[in-house]
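Okay, so here's the structure we're looking at.
The values are calculated or read from the model by the stated rules, or taken from the named source; none is laboratory data. Since the structure is predicted, the reported quantities are computational estimates derived from the model, not experimental observations. Counting neighbours? That spans all protein chains shown, and the Cβs are built from the backbone with ideal geometry, glycine included. Ligands, DNA and RNA are excluded from the accessible area calculation, which covers all protein heavy atoms including side chains. Shrake-Rupley method; radii C 1.70, N 1.55, O 1.52, S 1.80 Å.
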Amino acid sequence: MTVRTRFAPSPTGFLHIGGARTALFSWAYARKHGGSFILRIEDTDVARSTPEAVQAILDGMTWLGLSWDEGPFYQMQRMDRYKEVIQQLLDSGDAYYCYCSKEELDALREQQMQQGIKPRYDGRWRPEAGKVLPEPPAGVPPVVRFKNPQTGAVVWNDLVKGEIRISNEELDDLIIARADGTPTYNFCVVVDDWEMGITQVIRGDDHVNNTPRQINMLHALGAQIPQYAHLSMILGDDGQKLSKRHGAVSVMQYHEDGYLPEAVLNYLARLGWSHGDDEVFSMAQFCAWFDLDHITPSAAQFNTEKLNWLNAHYIKQADINVLAADIQQRLVALGVNTENGPDLSGVIALYRERSNTLNDLAASIAYFYRKPVIDTVAAEKHLTVDVLPVLAGMAAKLENTTWTTESIHDVIQATVTDNGLKFPKIAMPLRVMVTGGAQSPSIDAVMALLGRDETLSRIRESLMASGKF
RNA sequence: GUCCCCAUCGUCUAGAGGCCUAGGACACCUCCCUUUCACGGAGGCGACCGGGGUUCGAAUCCCCGUGGGGACGCCA
């Protein structure tokens, strides 16, 4: 049978890291087996779903490159079909009307909690052979409940957690249509997974408890039962659960923060799944390797430092032109104009091995395009009165030097030798004057890229500011 | 409370009864490289939740604890 997987987010917020991993695994499984990956938007909660959230999810998927083969399907556009199936269940006796008010239900739930038993619907409107149902109250629009089996158990072999068995006695008759006639989540999922021919349902393990209900409904509809794979959750960096108000961030935030999609993808792939000792691999490799057998059943804690390491790796590997285009935009965002400065690709080549994120990279090269703010601590340490005259002399020599890394290096070396100094004694003050700080790539290479005029202008400005010249 | 799930270095993980003196990666520490900081290279520190079984042999299988998490909506 052809593999068909789906990602089915509800558009009540952005695509966060947990959702992204679920989508990634679902996508990879379909790719691995030459199947189809379907995107379905579960927007039946009209009150909380927004078009902005739909767009945010689409944006996140697109940025990560998780392309879908079918969809996006919107459940709100399938209302007619859901209502048909509800009617079908009503007709077959697998569903029934329930006239309980929310207040009644709340009271029941509270009472059961107090008694220490699992809160569930007591079946007061459930039709039973020989049972006399109450008279439907006038003017109360009923909900529709699914008539769940009361005996036996639902058992399935979860592809990540193994066999799970839940007794039907634990389940109650869930509402499949609200009083206003709109179908609820558990029901729509069933109809869609069935009619879209989903073969493997890969989703978060907060759905484990919904699975037996869904299987029972699938049975009532005579549908084939898909396989289920329940992924454990991802915890925040601090080990705490991710939630709207704590730690959950949009995948697009990673984009903004300067992470490459390759890095995020590679990181997510290794969070809860493994292929021996392999750590760094492409998505093509991942799709070829991916399987459900090597997914960890336990929750995983997000680790930004490891993501940083991977991101640094992918920055080193990235196509320089792609990098330049991206960095260009980030510099603009920093208010830096690159038009009159050195070639961006050359500067990036010098800095790509020293940055964890694209934002770090952009920020650290800004001084090539605008005067740096001189770090006072570094200046105090390195711009000492004894070397300033030496630097002034060297600046004059630089005036007529061929402007290449090698020639510049030779001039610095000559200055060092002539004055009986150590190389850093000259390189460090130069670094502070030219870059503003005490850390940079080889100072000769930096100067070569910066250009003679700008370099000398910065050196002279520093000398003047020292008040000695 | 009831049901369900989970448990290897700080973190992500390898591990399918002997290959385990428990491997790799991130982080951390040391050294090397060096023109500073990084990068890179070489080392180091560091874990099988506890207790019972089963077995010649258990990180691995079973049971019980303990600890964590999830679910119990006219949310998804």
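Results for (1) open to solvent by 30 Å² or more (accessible area, probe 1.4 Å); (2) closer than 25 Å to A:PRO183 by Cα; (3) in contact with a helix residue (DSSP H, G or I) (Cβ under 8 Å, 6 or more places away or on another chain), shown as yes or no for each residue.
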{"residue": "A:PHE7", "(1), (2), (3)": "no, yes, yes"}
{"residue": "A:PHE14", "(1), (2), (3)": "yes, yes, yes"}
{"residue": "A:GLY18", "(1), (2), (3)": "no, no, no"}
{"residue": "A:ARG21", "(1), (2), (3)": "no, no, yes"}
{"residue": "A:SER26", "(1), (2), (3)": "no, no, no"}
{"residue": "A:TYR29", "(1), (2), (3)": "no, no, no"}
Residues (open to solvent by 10 Å² or more (accessible area, probe 1.4 Å), within 20 Å of A:HIS294 (Cα to Cα) and not in a loop (DSSP other than H, G, I, E, B)) located in region A:190-202: A:GLN200
All helices (runs of 4 or more DSSP H) inside region A:298-368 with 3 or more residues being within 30 Å of A:ASP238 (Cα to Cα): A:304-317, A:358-365
Counted residues, region A:370-417 - those being among the hydroxyl-bearing types (Ser, Thr, Tyr) and closer than 16 Å to A:ALA465 by Cβ: 2
Subset of region A:382-432 (residues that are basic (Lys, Arg), touching a residue at least 24 places away in the same chain (Cβ under 8 Å) and open to solvent by 70 Å² or more (accessible area, probe 1.4 Å)): A:LYS425
Scope region A:282-319; condition aliphatic (A, V, I, L, M) and either surrounded by 14 or more Cβ atoms within 10 Å (Cβ to Cβ) or within 10 Å of RNA strand B (Cβ to nearest atom) (or both); matching residues: A:MET283, A:LEU292, A:ILE295, A:ALA299, A:ALA300, A:LEU307, A:LEU310, A:ALA312, A:ILE315, A:ALA318
Residue, farthest from RNA strand B (Cβ to nearest atom), within region A:85-103, restricted to residues that are surrounded by fewer than 12 Cβ atoms within 10 Å (Cβ to Cβ) and part of a helix (DSSP H, G or I): A:ASP91
Residue in region A:136-143 that is in contact with a strand residue (DSSP E or B) (Cβ under 9 Å, 6 or more places away or on another chain) and either in a helix (DSSP H, G or I) or more than 9 Å from RNA strand B (Cβ to nearest atom) (or both) present: yes
Close pairs from region A:148-165: first on the phi > 0 side of the Ramachandran plot, partner open to solvent by less than 20 Å² (accessible area, probe 1.4 Å), Cβ under 7 Å, at least 6 apart: A:GLY152/A:ASN168
Extreme residue, least open to solvent (accessible area, probe 1.4 Å), among residues of region A:169-186 that are assigned to a helix (DSSP H, G or I) and near RNA strand B (Cβ under 8 Å from one of its atoms): A:ASN186
